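Nothing in this text is a laboratory measurement; each read-out follows from the coordinates by a stated rule. All figures in this text were calculated on a predicted structure; none of them were measured in a lab. Note: ideal-geometry Cβ built from the backbone for every residue, glycine included; neighbour counts use all protein chains shown.
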Amino acid sequence: MIEYKSSFKTVYVNPRGTSSECPVCGDKLKHQAWGISKCETCSVDYDRDRLASLAITLRGLRLCGYP
Ligand SMILES: [Zn+2]
């Protein structure tokens, strides 16, 4: 369905752990409230859904050869 709907090439990534890993330092995040992930190392709170979207994008870019 994704390939059918998209006019771009589709890259599939493993979504496992995308809302549990800090995109800055890579540490495991804590989920103290619904929908919010906190990195204690960076002292930053993330919206869990947006964080997962960002992590999936970064994984896709890495598969395409971007750092
Ligand atoms: Zn962090």
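Points worth noting:
- So residue 18, is it out of contact with any Pro (no Cβ under 8 Å at 6 or more places or on another chain) and free of Cβ contacts under 8 Å to residues at least 12 places away in the same chain: no
- Residue in region 38-67 that is nearest to residue 8 (Cα to Cα), counting only those that are touching a Ser or Thr at 6+ places or on another chain (Cβ under 6 Å) and of a type outside the set (A, V, I, L, M): 48
- Options 52, 33: the member that is in contact (Cβ under 8 Å) with a residue 24 or more places away in the chain and small (Gly, Ala, Ser): 52
- Top-ranked residue of region 27-62 - restricted to ones that are among the aliphatic types (A, V, I, L, M) and either surrounded by fewer than 12 Cβ atoms within 10 Å (Cβ to Cβ) or assigned to a strand (DSSP E or B) (or both), ranked as nearest to the chain's Cα centre (by Cα): 36
- The lone criterion from (1) surrounded by 13 or more Cβ atoms within 10 Å (Cβ to Cβ); (2) within 16 Å of the ligand (Cβ to nearest atom); (3) assigned to a helix (DSSP H, G or I) left unmet by residue 19 is number (3).
- Residue match in region 4-14 (condition: surrounded by 10 or more Cβ atoms within 10 Å (Cβ to Cβ), assigned to a loop (DSSP other than H, G, I, E, B), under 14 Å from the mean Cα position of the chain (by Cα) and more than 16 Å from the ligand (Cβ to nearest atom)): yes
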